[in-house]
Each structure stands twice: as C-alpha cells, then as structure tokens.
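J.: Before anything else, here's the structure in question.
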Number of protein chains: 2
Amino acid sequence: MSPIHPAWLPQTALAPLGRLVVRLTGDGALVETIATELRRATAAHGGRLVRGTPRGADPEPDVTFTSSTAAGDRADLGAEGFRVVRHRERLTVTAATGDGLLQGFFHVVRLGHDPHRGEDVAVVHRPAHPLRMLDHWDNVESHPVMGQVERGYAGGSLFYADGSVREDLSRVGEYARLLASVGVNRVAINNVNVHRTESRLLTDGLPDVARIAAQFRPWRIRVHLSVNFNSPVALGGLATSDPLAPAVQQWWRDAAARVYQEIPDFGGFVVKADSEGQPGPFGYGRDHADGANLLARAVAPHGGVVFWRAFVYNHTQDWRDRSTDRARAAYDHFAGLDGRFDDNVVVQVKNGPIDFQPREPVSPLFAAMPRTSLAVELQVTQEYTGQQRHAVYLGPQWGEVLQFPLTPRASVSGLVSGVVGVSNVGDDPFWTGHPLAQANLYAFGRLAWEPALDPTAVLQEWIVLTFGDDPQVGAVVHGILDESWLVYESYTAPLGVGFMVRPGGHYGPDVDGYEYTPWGTYHFADRDGIGVDRTMATGTGYTGQYPEPWRSTYESLADCPDEVLLFFHHVPYGHVLRSGKTVIQHIYDSHFAGVEAVAKMVAAWESLSGRIDQPVFERGRERFAEQLRSATEWRDQVNTYFFRKSGIPDSAGRTIF
Amino acid sequence: MSPIHPAWLPQTALAPLGRLVVRLTGDGALVETIATELRRATAAHGGRLVRGTPRGADPEPDVTFTSSTAAGDRADLGAEGFRVVRHRERLTVTAATGDGLLQGFFHVVRLGHDPHRGEDVAVVHRPAHPLRMLDHWDNVESHPVMGQVERGYAGGSLFYADGSVREDLSRVGEYARLLASVGVNRVAINNVNVHRTESRLLTDGLPDVARIAAQFRPWRIRVHLSVNFNSPVALGGLATSDPLAPAVQQWWRDAAARVYQEIPDFGGFVVKADSEGQPGPFGYGRDHADGANLLARAVAPHGGVVFWRAFVYNHTQDWRDRSTDRARAAYDHFAGLDGRFDDNVVVQVKNGPIDFQPREPVSPLFAAMPRTSLAVELQVTQEYTGQQRHAVYLGPQWGEVLQFPLTPRASVSGLVSGVVGVSNVGDDPFWTGHPLAQANLYAFGRLAWEPALDPTAVLQEWIVLTFGDDPQVGAVVHGILDESWLVYESYTAPLGVGFMVRPGGHYGPDVDGYEYTPWGTYHFADRDGIGVDRTMATGTGYTGQYPEPWRSTYESLADCPDEVLLFFHHVPYGHVLRSGKTVIQHIYDSHFAGVEAVAKMVAAWESLSGRIDQPVFERGRERFAEQLRSATEWRDQVNTYFFRKSGIPDSAGRTIF
C-alpha cells in the first residue's frame, strides 16, 4: 500500500499560517474543526493559537478568525460568506456562521506566506451558488460491466469495497477536508444508476450511510443518496410507484423520515429517472414534475433538496431516423414543465445537450426554465476527456460554460443555483489516477464558488499548495495544463462533432464507433462532407431552442463558431472555416499539432525529475507515455479515416495511412 | 427447468430397429453399450434381442451385429470400420472391434424403417480420418469477459458450474452418446485459453477429470485436456518451462504418468501456445517443434496424442503497417518446421488463414507439411456465423473445405489425419441455443467420418432422426437450411473480406470495427475501393504460399473467384466481377437479397406451427425474429457505409440510409 498523497493540503500548505499567532473566536462544531487545524499547524510550525477573547498576556495576533453574531454581518455575509480585512499587517476574517469561517480559514491558507502582510484590503467573499455538489457514481457492489465506480479512473471507491460500506472510513474524512477547503458543500455517495444493492442504502443501509455522513459532518458537507424511483415497489412491496398514488407518497414520506432520524443534516435525493433504462414517472403516465415533486415533498419537512436530472433521452434510437435529435431531448422533455416544480427541486442539467464531450455548445435549457431551480452538471471524472491517463485541465472548459452569456442578461452561472460535478476520485494513492487530475477536483470547487475566477489563476493556487512555490515547477505545470483541454480537443473529434470514441469504454478513437448505434450520437460523414444539420431551416431545428443571439448565430453557417460548426451544420470537406482553413485541412492540422503539443508535455514533465516527489513524477511519467501513444493513435486514425473518405491530401504532405 | 431435448436420438429414432429381431455377438464394454441400446429399444417397441450364437429355438434375426475375430476382417475393416451386408432381407453388420460395431449400430439406426429390407448390398465403411474430435472452450470458473463457455451460445457448460466440475454429470453421458452416434471419438474438455483454475485440472483436478472420462468411456470417446505451456512454473514451482530443460521434461513426464494412472484411455493434450497472450516456447527462445515434442514425449509411452494449434500470429499488429499480413502467419510459423514434429504430434490448423469467417480461402498450410500429421479445425460454435441466433447450416461450408482440391493430387481431407471442431453445445435445454444448430453438431461428426458425403443428404438424415419423416417438415427445414450459409454470407461481409463485426462480441455489424485495431483484420475500404492486396506482385505475397494452380488463380484478378476476391485483391467499387456485376452493386444486391431470404425463412418456420414440438417451434420463432432484425441491421449498415464512402447509388434505387 503506497502512502496516500496529501493532494493540495500537505503539511507545507498549512506552514505559513502555522508560523503565526492566530486568534480564533466563536464556538460550535465547525469552529472546533478550524481550531483543530490551527492547533496542529501552530504546533508543527512554531506559531500559536489563541482561543476566545484576548487577555492582556496574549500576544497580538497576526491573523484573527472571528465569529460574528451581528445582524448586519449575517445580512452582509450570508450563510457561507466571510469578510477579509487586512489593516496594518493584521489580518481579520469575520463570518456570521461556522461555514463562513471555515471557508475564510481556507481562504487564508490559499494566501500563502505571511498572509497578514501586504496592502490593506477589505473584501467580502460570498459563493455564487448555494449548492456546490459532487456526485459519486460509486457502486456498493462492483458492477459486472461498470466496476466499483462507474466511469471511475482512480481505482476503487472511497466508500465501498467487497460489496458493502467500508469499515474504515477515515479516508472519507480526509476527502471531506479536501472538498471543504474548496467550498464543496454536498456530496451524493452512490451512483445515479441505482442497482439492487445500492437501492437498499435508503433502508437497511441507513446505519452505514450515517457512518459516512459522520465523516463529512465536521466539514459541513451534506450527504445525498441517489434513489431508485421504483423503490416503493422494489423495497416497499407496493403494487405501484405511481407518484400520484397516496400510498406511494406515504411510503416516500416514511422513508425520508427514517433517513432524517438517522442523519438530521441529510441533504436529500438525487434521481436519474426515465433515462438509459432507469425507472421513472413515464412508466405511470406521469411527467417529471410529478415525479420530482413526489420526492421533494417527502424531504421538504426536513429541509431536504431533490436533484432531478434532465438527462432524459431515447437511448434506443434508430440510426436511420434523422428526425430524432438527441440534442433536443432535455429541452423537449423539461422546458414545458417550467413552473411546475416545487421549490426544493433542483433540475440538474448537463453543461451541454449531449453528454460531456470535450466540446459542446451549452444546453439551451438553462435559459428556458426561469421559474425553476437549476443546477449545471459538469463531469470532473474524465470519461470523454482522457480518463485521467491524459493530462487535461478542465478549468477553462468550466469557466467558459459558467460564464457563457446564454441570454442577453445572464450567463449560465447567473441562471443556476447550483453546480454539480461528477467526482474523479477513488482509492488510488494519488486520489485521481493522474496526479495532475487533482487540479480538476480543486478547480471544480473553486469555480463552483466563484465562476468568474480565472482558471489559470486557480491552477496557480493549486500548484503552489500542492508543489510549493518552486517557480520552475510552476512554469512546467502551467506549460502542460494551461492549454491542455484545447490540446486534447485538437487530437480527438474535430469541430464539436463529438463521439468518435470506442463504444462502451469511451477511451481511444473509433470514428464510426457510434455511427450506427441506438445512442443518437452521429457525425454523418460521407465522401463529401461531415456534420449534423441541426438548423431550423433544413435540419432538426435544435438551433431554435436557443434564445437570441445564439439562435441566429448557430443557425448561420457564416456566423457559427468554428469549434462547434459540425455540431450544428453538415458541410463539405472543402468548406472554409472562419479561421480561413478548410474543414479537412483543419482536421489534419489540428491532429498533427495536437500530438506535437503532447510530445512537448512529455519533455516538460521529464524536466521535473528530481524537483517533485518521486512517486508523483513516476506516476506522471507513466501517464504521459500513454497520452503520447494514445494521441498518436487518435491522430492517425482520424486523419486516415477522413483521408480515405474525402480523398483530399494533406496540403503539407505529412504521413497519413 | 425445461426437459432436455433428445436431439437426433429421440425414442422414435430407435423404433425401427426396436421392432425387429436383432442378434448381437461378441463381448467387451462397447458390445455391452450396444446391447443396452438394443435391449431398451426392443423392450419399448416389441422386437427381440438375441445375444451370442443362435440356438435352435431362437427366431431368425432380421439384423445381426457380429464381432469378428478373423484376421482378414481386422485388416479390411480396421479399428473403426464395419461391413454392411444385406442379403435376402437379412442385414448383417460385421466389425473387428467394439468401436467398429458401435459405428455400425448407429449406421443401422440411420437407415430408418425396415433396414433389413431392400436390395442386396455389401459395403465397407471406414472413417476417412482416425482423429475426429470436438474441442470445448469451457472454463471451469466463469471468465469475467468470456463467461462459462468462451464463444458459447448455448448457456453454461455441460461439465462445469459454479467454479468446479459438476457433481451430476449424467448429461455428459447423454452428450457422449450423441457424439458417438455420429462418429466423434475424442473431446477436449477445457478451453484452449487455460486460465489459472483450469490449469489445475492437470493436477488437483484429476479425480474430477476422471469422472468426466467415465461418462465418455462407454462410447469410446477419449478425453483430452488443454494445458498451459507454462505449467512447470505455474503448477510445478520450477524456475523455467524451457522445453529443452531436463527438469521440465521430467515434470511433464511425471504429470502425464499421473494422468494415465487415473485415466488409462486418456487422449492427450491440446495446446494453444504463443498465441493471443498464451505462453509458449518462444518465451524460451525455442520453436514450436521443441514445444510440441516436449509434451508429445511425455504422453507417447501411454499412447497419447498432442494437438498443437497453428493459430499463432501477432495480435498486437500496428494497423498502419501494411507489410504484416495475419493471413501469412500460420504458414510462416509452421511450414519450415515440417519434419521436426514427433509422430504423436498433430498440428491443428484452422480451415482458413485468419479466423473462422463465413468465407475464407482454405489455409495453404495444409499443403506445406507433408511430413507432419495435420488436423483441420472447424468452428461448430457459430462465433462469426450468427451465434446460434441465426439459422446457419455449416455442412456445405465444411464440405467445401474438406473436399477443396488444394494440390493437384489431394483435397484438404486427403492431407490431414484429423478433423477437430469447436463444440457448439451447452447446458441449454436444446443443447445448442437454436434448435436447428443441432444439425451442425450432427453434420460435423458425419463429415469428419466421411467428407465426401453430400451435406444436404446429411441434413436429411438429421431431419428424419430428429423430426421424423413428415415430408412437409423435411421440405421446410431443407428450405431454410440448405442455402442458409450462403444467405448469411450474403447479408454480412461481402466477397470474402471478413471481420466487419462488432469487436469483442463478434455479433452484428460494425464495418470499421476492426479497421484500426491491433488484430490484423482489415478491409482498407476508402472512397475509391476495397479489399486486401495479398498478391505477390503488389501485395503481401500471401498468394505465394499456395501450390499451383491456386497460386496463379488467386494472384490473377481475372481468375480469382468472386467469393474471395476482396480477400486477395484491392479493387475499385466499379470493378466488374466474374458474375458480371460491379463490386458495389454486388454489395447492394446481395444485402437486399439476403434479408429477403431471411424473411422467407421466418414465414417457412411459421408454417411448422403445430407440426413440430411446441417448445422447439417457440424457440425457433424467437431466434428467427432476431435473425430478421439482425440481418436488416447488417443490410442497412453495410449498404449505408459503402454508399457514403463510394457515392455510387443503387442501380435499383432501393432505400439506403
């Protein structure tokens, strides 16, 4: 068993604060959590912790964490905010709640060396979204196809092993600390595909769920369960799970009451219904508002929230049928239900209309449900972005999504009340398989809290906390990660067309892999051209789901941005992009350039030998070798496929097979 | 649990003989097996069994089975042959051995009604090949990917369940009877991919193997084990498995001696070495003759035989590398070793040079090893021919292979001393999934015994034994099965190109599924044409492995038979076939025709409702529905793929997507 990597909170990350005199006021469980952190840090590094009101003998504190009970502060700072004031080299962090103070504490950790020194400042930090959640697609019982963690690339589950909840959950506590340090405040602990064993977490498994919740509680992270919509039948022995049946409603109320009796701060439920084979309200002739409200009313008396996924589409589509468009599905199913959902329902919408591809336009559904609480769902686990064998920093993708000006008045971030990520951790010693994938977990939390942050600046925070402030290490890691998402995009599926991956596992290229399947994910490449016509004029009409200006922008072949061109239009290979290149030459150029960029990453990583921890270096080296192999495979397969189909040679005469 | 279908030996099949007066002479275990059969049949149907020399009171027998000890008979009839004489409505079957008499007994069963009546005849039957074997790819422990039976489409294993040998092996005895009735005389009882648990059959598992052998013994079927070449290391704790190391040789001698102590009539070993990840002599710098002789010398003192598979190729080929040709591999690895193998080694060669595709040319290796015992390996289990969901009678394929005049003087059958089939049975109530797939098991045995038999006549034997002699049933089953192999070929991969199947499972179409993989199975379709150039002039030179006239025939684009054209040549879509059609129009026409033929099969099967056993009818109906669905999918995907690539419309204007 390798030692567990400390991620971005090694002892050294707490050292700057640990060298100072720090005062902490207030009480309650979270204040004690902070006190424990400070006690350990000051003991290790020579500083001093002073609790409560200062006495004459106490030294003047460099940093003060204050719990305020002032009504003004409560109004100003809210449930999770904090104020940071630096004045004459004294730093004071004030919060009206333990949550806020805990966030303020980690803010100071991020400030690094001598946080109390520097210019005077007075600034208030509040999260952009109250709901910042990580969903775990972990199975209690390892699934014959999907394994212990569905779409997990970091070993087994932190929660489950050998078919049950782990006895020793101490690593969950470590994980909770990492999540709290970046502002995550909810987790769902089991897969949205709820199999038989997992469904029983809601009943027989409650004592085990309570043990998991106990690990998250010191860090004010609420635990959610993914539940099976058919539970009243499967677990309760009822004849129906019809959401309008009083017995079904009673069953869910009773079930919720039992959960809250064991876990008073339980977060609520997550539901994937009528999707990819999961049961749902359609089975009873009801709609998704009926379904979601059923569960919402069961948890409402206890302050619970139901996350109801909008990922509903026909997964048994006939590839011959060009009138059905999977991109339309979430909007078609949900937009008409706006206003019908209870207040404690959050409709959880994937960032794009299909499924976590490296590049998709943002889902138009975010603009279509003004009377509904929405959350944007991002995929931290790199299912379609290299599976934590490729170094891909997703912060820039998420920044673009969250800040995308979907309506003239609001960004996606402004239209949602929550950000949900599918977690990328497992019981791997590095947490995330590729050590650099830790940056995605970090950035997810930071961007969920404040989407306006510069993803490169967030990465810099992560680098300094994780590796220390060796500028050469910083330069190398930035050099590798800053553009890594675009590099990955460049050597995989071109121009937003998506899904040229091996079916099932979703790793590596297979240009036609999904072309004749029931999954609704096609590129329609023929000898003349490629792309999906989703226009109103001649295609599936998907562009009509967008508000202006996007409806017109995407509809227009001339105005459509290059990076999503093939998502919206079917064009000849000779079509000239806004970049000035033809589509086919863009495919060739981007794929050759992508592999060259990866080769540079490999060389850059090698330069870190001896400058970073050897196990991290070795794991990274192994991953970069695979990334280079895989990127080369992508390049050659994609280029060969399109050369064979188009017959158009590369203008630069490079090798295509 | 459904009742087990009796396959081609229902009570009714024995009734004609059971009504007669039958005399049986001789003794020994096999004569007792025949006596048991006759006693049961005559008891059920009113006939009479007379044992030994006739006494005055005995009635004159209609049929006599005689064990002859005459030296002339032994020389004439051999170890397994028998003579059938009909004279004045008395039928006499004479054999020099129990094996021969058992075969003669089933010959009379096949004669049907009143076998003693009809013209006078005197004919000797001897098997064309002494080795007629079925290989089972059964795993003791269900494999996480491949399941209980690798490439099995008929449920679980007859031998194993829940990780060990079944307690109740009575169904194995029933199976042995079926095999004996068609002349099979050897079985290998475990998968050629020998995993950890399976490797121990050779040691700890011997008592269980002996129990299985006891089920086969009354039917004179010898049991073989597939063994792991690395056993001396894995099981014996040696430091090497080098075939030239004396300790390794001793280990195998000891292992063989232990096996023969438990099972005196043990057949020998089957080995897949240096193939698809299995260990072999290459690991020690030795060649396949060294490896095979090592095992052969261990079993030689006991009369054992080693079947050594020639299925050796590079399964991590780079698809970019057009100089490597998997079709060449068996010949390249083995032809040079001719003369180096011990007498009790049989080199087992797949019928074609790749892997059991619906259509391949025969392997040129059969003509390249005149000083080596060879066996031809056929695939009874329908891995690439519809997986026992499609009705595909393979008798005509095997007939073509066995009778193929590979050299000016000899057919494939004439060049080999054995025929091996990969079994298609499992614990399915119908034995083979699709009830009509029983015909393949039947035909395998009959054609292994006598390759010159007309496959349609063999099918007729099977129909009458299985369904009785209702002429309408016979006409329908012939109508479905006679051409079914060609029908399957017509709607799948065209003109011998092969491998347009879904990777992994090998069911259903995926035209590019293997095109960019390491498996060496490519079609090289581009916008202009398709096929693999295997000529000496401009291709991989594979045609040069054939003796004349085939070398020249296959080399010549004009002379190459249509059905293997794309196996040997890369041609434009407009190339005109010997049939007069262009390649592209052939693709369209054959795929449309194939589905039409399946639709007729469905209708024909429906006409049997009420005329055959209801469970057989229902199972068949379910399979035919799937065949029609799947054939339609093949048609549409293949036609669409080639239309998109070639841009050439169907001359008949039918729907392509």
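J.: Return the sequence-ordered ³J(HN,Hα) values of the stretch B:342-355 in whole Hz as given by the Karplus equation 6.51 cos²θ - 1.76 cosθ + 1.60 applied to θ = phi - 60°, using x for Gly and Pro.
T.: 3J(HN,Hα) across the stretch B:342-355, in whole Hz: 4, 4, 8, 9, 10, 7, 9, 10, 4, 4, x, x, 10, 6.
J.: What trypsin sites (Lys or Arg not before Pro) in the stretch A:372-471 are in a loop by DSSP, with at most 13 other Cβ atoms within 10 Å of the Cβ?
T.: Within the stretch A:372-471, the qualifying trypsin sites (Lys or Arg not before Pro) (loop, at most 13 other Cβ atoms within 10 Å) are A:ARG409.
J.: For the stretch B:497-542, list whatever residues lose no less than 40 Å² of accessible surface once every protein chain is in place, relative to that chain by itself, with the probe at 1.4 Å.
T.: B:ARG502, B:ASP512, B:TYR516, B:ARG527
J.: Quick one: which residues, 5 or more positions from A:VAL346 or on another chain, have an amide H under 5 Å from its amide H? H modelled 1.01 Å from N in the peptide plane, none for Pro or chain starts.
T.: A:VAL306, A:PHE307, A:TRP308
J.: Now for a different question. Could you size up the charge dipole of the stretch A:220-291 around its Cα centre, putting +1 on the beta carbon of Lys and Arg and -1 on that of Asp and Glu, and report it in debye to the nearest 20?
T.: Using only the charged Cβ atoms, the result is roughly 220 debye.
J.: Expressed as a whole number of Å, what is the distance separating the alpha-carbon centroids of the stretch A:601-657 and the stretch A:1-72?
T.: Comparing the Cα centres of the stretch A:1-72 and the stretch A:601-657, I get a distance of 45 Å.
J.: Mind listing which GluC sites (Glu not before Pro) in the stretch A:1-94 are in a DSSP loop and have 16 or fewer other Cβ atoms within 10 Å?
T.: Of the GluC sites (Glu not before Pro), the ones in loops of the stretch A:1-94 whose Cβ has at most 16 other Cβ atoms within 10 Å are A:GLU89.
J.: Turning to a different aspect of this structure: What number comes out for accessible area per residue over the protein assembly as shown if the probe is 1.4 Å? Units Å², please.
T.: 35
J.: Let me cross-check B:SER164: its accessible surface, 1.4 Å probe, with only protein heavy atoms counted, in Å² to the nearest 10?
T.: Around 60 Å² of this residue is reachable by solvent.
J.: Now for a different question. As a test of the definition: with a 1.4 Å probe, what buried accessible area, both sides summed, do you compute for A against B, in Å² to the nearest 100?
T.: 2400
J.: Still on this structure, I have one more. Would you list, by chain and number, the lysines whose Cα falls below 29 Å from the Cα of B:LYS600, excluding same-chain residues fewer than 8 positions away?
T.: B:LYS581
J.: Related question: Give me the percent of the accessible area of chain B that comes from carbon and sulfur atoms, probe 1.4 Å, all protein chains in place.
T.: After summing per-atom areas, the C and S share lands at 51 percent.
J.: Straight-line reach from A:LYS645: which lysines have Cα under 17 Å away, leaving out those fewer than 8 places along the same chain?
T.: B:LYS645
J.: Copy-to-copy spacing for A:GLY479, label 7 Å out on the Cα-to-C-beta vector, in nm, shortest first?
T.: 7.6
J.: Also: How far apart are the A:PRO649 label points across copies, placing each 7 Å from Cα toward Cβ, in nm, shortest first?
T.: Counterpart label points of A:PRO649 in the remaining copies fall at 3.3 nm.
J.: Residue-wise, which Karplus ³J(HN,Hα) couplings in Hz belong to the stretch A:81-94, taking 6.51 cos²θ - 1.76 cosθ + 1.60, θ = phi - 60°, and x for glycine or proline?
T.: So the J values, rounded to whole Hz, are x, 7, 10, 10, 10, 10, 9, 6, 6, 10, 10, 10, 10, 10.
J.: Amide H neighbours of A:SER363 under 5 Å, at least 5 residues apart or on other chains, H built in the peptide plane: list them.
T.: So A:SER363 has HN proximity to A:GLY352.
J.: Can you list which of the trypsin sites (Lys or Arg not before Pro) found in the stretch B:553-627 are DSSP loop residues with at most 16 other C-beta atoms within 10 Å?
T.: B:ARG578, B:ARG611
J.: For chain A, just say rounded, prolate or oblate: build the C-alpha gyration tensor, square-root its eigenvalues into a ≥ b ≥ c, call rounded for a/c under 1.5, and beyond that prolate if a/b exceeds b/c, oblate if not.
T.: Because a/c hits 1.5 or more and a/b fails to exceed b/c, chain A counts as oblate.
J.: Let me ask something else. Just to check I understand the Karplus step: with θ = phi - 60° and J = 6.51 cos²θ - 1.76 cosθ + 1.60, what whole-Hz values come out for the stretch A:312-320, glycine and proline as x?
T.: Going residue by residue, I get 10, 7, 7, 9, 10, 5, 8, 4, 6 Hz, with x marking Gly and Pro.
J.: Here's a follow-up. Set the Förster distance to 45 Å, then compute FRET efficiency between A:GLU167 and B:ASP470 from the Cβ-Cβ distance, nearest 0.05.
T.: The calculated FRET efficiency here is 0.10.
J.: Measuring nothing but label to label, 7 Å from Cα along Cα→Cβ, what are A:GLY118's distances to the other copies in nm, shortest first?
T.: 10.2
J.: Between the stretch A:118-158 and the stretch B:557-598, how many Å separate their Cα centres?
T.: Using only Cα atoms, the two centres lie 55 Å from each other.
J.: With a 1.4 Å probe and all protein chains kept in place, how do B:ILE4, A:ILE221 rank by accessible area, largest first?
T.: Sorted by accessible area, descending: B:ILE4, A:ILE221.
J.: To the nearest 500 deg cm²/dmol, what mean residue ellipticity at 222 nm is calculated for the protein assembly as shown from DSSP H runs of n ≥ 4 alone, each contributing -39,500 (n - 2.57), summed and divided by the residues?
T.: The helix-only estimate for the protein assembly as shown comes to -11000 deg cm²/dmol at 222 nm.
J.: For the full complex of protein chains and a 1.4 angstrom probe, list A:TYR522, A:TYR331 by accessible area with the highest value first.
T.: A:TYR331, A:TYR522
J.: Dipole size in debye (nearest 20) for chain B around its Cα centre, Lys and Arg Cβ +1, Asp and Glu Cβ -1?
T.: The calculated dipole for chain B is roughly 960 debye.
J.: Right, here's the next one. Please list the non-local residues whose amide H lies under 5 Å from the amide H of B:HIS224, H modeled 1.01 Å from N, same-chain partners needing a gap of 5 or more.
T.: B:VAL187, B:ALA188, B:ILE189, B:GLY267
J.: May I pose another question? Name the lysines eligible as straight-distance cross-link partners of B:LYS350: C-alpha to C-alpha under 28 Å, and not fewer than 8 places from it in the same chain.
T.: Straight-distance partners of B:LYS350: B:LYS272.
J.: Okay, moving on. Quick one: accessible surface of B:VAL602, probe radius 1.4 Å, all protein chains present, in square angstrom to the nearest 10.
T.: 40
J.: With every protein chain present, what accessible area does A:THR372 have (1.4 Å probe, heavy atoms only), rounded to the nearest 10 Å²?
T.: Approximately 20 Å² for this residue.
The values are calculated or read from the model by the stated rules, or taken from the named source; none is laboratory data. Just so it is clear, the structure is predicted and the values come from calculations on it, not from any experiment. Neighbour counts run over all protein chains shown; Cβ positions are idealised from the backbone, glycine included. Side chains are part of the model used for accessible areas, which takes the heavy atoms of the whole protein and leaves out ligands, DNA and RNA. Shrake-Rupley method; radii C 1.70, N 1.55, O 1.52, S 1.80 Å.
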